[in-house]
Each structure stands twice: as structure tokens, then as C-alpha cells.
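Read the structure below first, then the notes.
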Amino acid sequence: MTLHCAFIGFGKSTTRYHLPFVLNRKDTWHVAHIYRRSAKPEEQHPQYQHIHFTSDLDEVLNDPQVKLVVVCTHADSHFDYAKRALEAGKNVLVEKPFTPTLDEAKQLFALAKEKGLTISPYQNRRFDSCFLTMKKVIESGKLGEIVEIESHFDMYRPVAETKPGLPQDGAFYGLGVHTMDQIISLLGRPDRVAYDIRSVRNPANPDDTFETQLFYGNLKAVVKTSHLVKIEYPKFIVHGTNGSYLKYGIDQQETSLKANIMPGEPSFGADDSIGQLEYMNAEGVAVREEVKPEVGDYGRVYDALYETIVNGTPNFVKESEALTNMEILERGFEQPSPSAIILAK
């Protein structure tokens, strides 16, 4: 069974992070429409020749064959487009950040429930190779009880032209929405959260640096991003009562996509970085292992949604996880800025 889907927006999000994976799943997905406000030359690419492009949104929403609408526009329009799609009886996938506010996210989930539909944020980085590998190491039990996880998404981009904007345009919403979701998907809702959110390179701009500490009893997860890291820092560091795991290098799917290497090609997302695991085994002997990376695949988002729409399996992002993420994002910008908040269970 092939499901018809449609996209709202035809920018980099659609062309780089969605279409390559959907078009590689012809047995399960067919891209029927793409709505954009004005025509673009890219529409003439042969790989898009079967897609109907339109500047009339009603053509998309009134097509009874369309079962999923994917919203890939600027964050300030996510709520309105997602609401219209739900009201038209469509399941919805929304790019990050899901909505500008927690209240809007709650409204969309309530409307989806009322309509018997599913709505989901596009948390594709749950399928990063580096995250999947760390998750596998933790689930192996070799590290014992986990006491600390440190997650980095760093880069070196020292120049920041003045581009004022809202918090939703900064690094915390732009990158933290993914890296915090990874932790939430792994550990659930934290007991409390501490923040350090700043604009270091250009104070006129939204934040470019953050550190968020999520506490789970004796376990602390540290989620960090900086644009001023010249020497590579480990992507993940995990410490447990039995040992530690360290992994350099991030998932390479985005790198492949930027180089026009597409899903399905042999070298797509190739990652030869090896993680280091050292732990004490049951006999009290220190063991060192090299950990090969798992295979990442952002297209698994669409595999999961297919199963939800066709077979009724639970959404791969729970409503509670999405709302926890949005709450942490939003409360990071409360005034006066909190140094720490306690989350209600």
C-alpha cells in the first residue's frame, strides 16, 4: 500500500532533509503535491517531474488521497499550516521547532486527537548513527548504572553577521530541539533543568551558545552547543558505575546530502569513526572495546509514520515527549531568566 503525501514549503528543509528519503521509499510513499507561494526553477528537476506543484493550498488540502501533510516552512507559520491540515482531515508532520509556543503545541495535539489523526514533530535525529550507537551501548548494560551523559553539537563559525530575531531563530530552538529530544527519548521527562543560554559572537543576534543540564535522580545529562569550538570535542561522553564510553564524530547523513550523495547510494552517510568503550566485566577485569557506528537513516521517520497511519502503531514521538521538549525550550527564555527549574511530574 502506497500512501500519498504533500509538502507545504519548498526550501532547503524539504529538498535536503525530507524529499531524498521519501523519494527513496516508492513502495510506501508517493509525493503528490508541493505547495509553495511562487514557482522555483528547481521544480524542473527530473526527479520531481511526477509531483504537482501549486500555489493554491486548497488543491493540497482538498485532495482525498493525501494522507500526510508535511509542514516545512518558517517556525512562525507552523501552527497555522498544521492546524489547517488537521482541520482538512490530514495527518501532519512538522519541521523543527514544532511550534513557537507550548500552548500552540498543546492545541495541535488536542485537535489531532479530536480528529482521530496523528501529528508529529520531525525528530529525525533520533536516527543519527552516533545517537543510535550511544543508545545501543547504554542498553547493553556494560556501563552499569548511567550517572552522566554529555552531548555536544559544536562547530567553529566565529563570524556572525547581525541578524536579529526571536528566540525561535537561535541555536537553542534550532539545535537544542534535536539534542534534547534525543535525551528525552532515552530517559524521559527530567526532574529539573538548569540553563545557560547566551549570544556570544554577536549580542544583537539570538543565542548561539547554550548548555542545558537535565537531572534524573542521580543521573545528569548535559546538552551543549557552541559555535566557537575549533578543536573537535567528543560528540557523546557517557559515564556509568562500570565504565565509560566516548565517541568523536557526528552522523554523516547531512554531510552526504550537502555533497549530493543520496540515500540508497553505497557511500551515503558512511561513518568510519569508532567509539571507545571501557568497562569492568563481571569478573572485575577491565575490558576495552572499539564500537562501530550503527547505520543512521532519517527516512525511518517516514517508516514509523507509515506504520502509525496504516497499522495504528504508536507515534514514534510520544505526545508527552514532544510537549516536554517544548516546555524546556520555552521556559529557557522566561524572564527573569531561570538558572534552574523543577518540572512537575
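Summary table
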{"read-out": "Criterion: among the hydroxyl-bearing types (S, T, Y) and touching a Phe, Trp or Tyr at 6+ places or on another chain (Cβ under 7 Å) - qualifying residue of S140, S129, S151", "value": "S151"}
{"read-out": "Residue within segment 42-60 that is of a type outside the set (A, V, I, L, M), under 30 Å from E114 (Cα atoms) and out of contact with any strand residue (DSSP E or B) (no Cβ under 8 Å at 6 or more places or on another chain) present", "value": "yes"}
{"read-out": "Residue in segment 263-286 that is modelled with the lowest pLDDT, counting only those that are charged (D, E, K, R), surrounded by fewer than 17 Cβ atoms within 10 Å (Cβ to Cβ) and under 30 Å from Y17 (Cβ atoms)", "value": "D272"}
{"read-out": "Within segment 230-240, tally of residues that are surrounded by fewer than 20 Cβ atoms within 10 Å (Cβ to Cβ) and under 19 Å from G275 (Cβ atoms)", "value": "6"}
{"read-out": "Qualifying residue in segment 53-75 (condition: under 22 Å from L329 (Cα atoms) and free of Cβ contacts under 8 Å to residues at least 60 places away in the same chain)", "value": "yes"}
{"read-out": "Out of H50, H78, sole residue that is assigned by TED's automatic domain parsing to the domain that holds L102 and more than 30 Å from D103 (Cβ to Cβ)", "value": "H50"}
{"read-out": "Criterion: closer than 30 Å to V310 by Cβ and surrounded by fewer than 20 Cβ atoms within 10 Å (Cβ to Cβ) - qualifying residue of K135, K163, K96", "value": "K135"}
{"read-out": "Lone qualifier among V200, V193 - being of a type in the set (A, V, I, L, M) and part of a loop (DSSP other than H, G, I, E, B)", "value": "V200"}
{"read-out": "Unique match (being farther than 30 Å from N281 by Cβ, free of Cβ contacts under 8 Å to residues at least 40 places away in the same chain and surrounded by 16 or more Cβ atoms within 10 Å (Cβ to Cβ)) among S226, S256", "value": "S256"}
{"read-out": "Residue identified as acidic (D, E), surrounded by fewer than 19 Cβ atoms within 10 Å (Cβ to Cβ) and over 30 Å from A286 (Cα atoms) among D169, D154", "value": "D169"}
{"read-out": "Residues satisfying the stated conditions in segment 49-104, i.e. within 22 Å of T313 (Cβ to Cβ) and of a type in the set (F, W, Y)", "value": "F98"}
{"read-out": "Filter result for the condition that a residue is over 24 Å from Y17 (Cα atoms), part of a loop (DSSP other than H, G, I, E, B) and of a type in the set (D, E), over E150, E139, E114, E161", "value": "E161"}
{"read-out": "Matching option when the condition is touching a residue at least 60 places away in the same chain (Cβ under 8 Å) and over 17 Å from T212 (Cβ atoms), among E161, E145, E139, E150", "value": "E145"}
{"read-out": "Candidates T324, T308, T313 - the one that is within 30 Å of I197 (Cα to Cα), modelled with pLDDT of 95 or more and surrounded by 12 or more Cβ atoms within 10 Å (Cβ to Cβ)", "value": "T324"}
{"read-out": "Test result for P234, part of a loop (DSSP other than H, G, I, E, B), at pLDDT below 95 and over 30 Å from V94 (Cβ atoms)", "value": "no"}
{"read-out": "Qualifying positions in segment 238-260 - in contact with a strand residue (DSSP E or B) (Cβ under 9 Å, 6 or more places away or on another chain), over 23 Å from T225 (Cβ atoms) and in a loop (DSSP other than H, G, I, E, B)", "value": "T241, N242"}
{"read-out": "Strands (runs of 3 or more DSSP E) contained entirely in segment 273-345, each with at least 1 residues that are of a type in the set (K, R)", "value": "286-291"}
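The values are calculated or read from the model by the stated rules, or taken from the named source; none is laboratory data. Just so it is clear, the structure is predicted and the values come from calculations on it, not from any experiment. Every residue, glycine as well, gets a Cβ built from its backbone with ideal geometry; the counts of neighbours run over all protein chains shown.
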